[in-house]
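The values are calculated or read from the model by the stated rules, or taken from the named source; none is laboratory data. Predicted, not measured: the structure shown is a model, and the values here were computed from it. Glycine gets a Cβ as well: all are built from the backbone with ideal geometry, and neighbour counts include every protein chain shown.
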């Protein structure tokens with residue numbers, strides 16, 4: 001009895017198992033098209049999650065920008081410093097997510 005990776009969840013299962021004990025994917029009943037479709041769905045969900053994180057990062061950036069310039073705080077105040085930090089965090093998070101999306105798209109082909 002050997003351990004193989006489930007095509008659906010990538011967890012270790014027995015090669016004799018008919019279904020995955022973690023995600024209930026029918027390993028024995030699945031053909032190559034089912035496995036390919038499941039892998040494409042996982043990749044699509046990963047990209048969608050990264051895009052959602054990018055949108056949250058943009059929202060964080062815009063919120064920080066709004067508090068910084070329209071919040072009425074003077075430079076050096078706590079509100080201004082928090083707004084600068086929020087704006088910076090949102091920008092860095094967005095840039096990192098864009099790089100992660102490019103890498104995910106490049107290695108999927």
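So residue 66 ticks every box in (1) more than 24 Å from the chain's Cα centre (by Cα); (2) in a helix (DSSP H, G or I); (3) farther than 30 Å from residue 94 by Cα but one. Which box is left unticked?
Of (1) more than 24 Å from the chain's Cα centre (by Cα); (2) in a helix (DSSP H, G or I); (3) farther than 30 Å from residue 94 by Cα, only one is false for residue 66: (3).
Any chance the range 40-61 includes a residue that's at negative phi, at pLDDT below 85 and surrounded by 12 or more Cβ atoms within 10 Å (Cβ to Cβ)?
Here is the first cut: in the range 40-61, the ones at negative phi are 40-61.
Keeping just the survivors that are at pLDDT below 85 gives none.
Scanning the range 40-61, I find no residue that is at negative phi, at pLDDT below 85 and surrounded by 12 or more Cβ atoms within 10 Å (Cβ to Cβ), so the answer is no.
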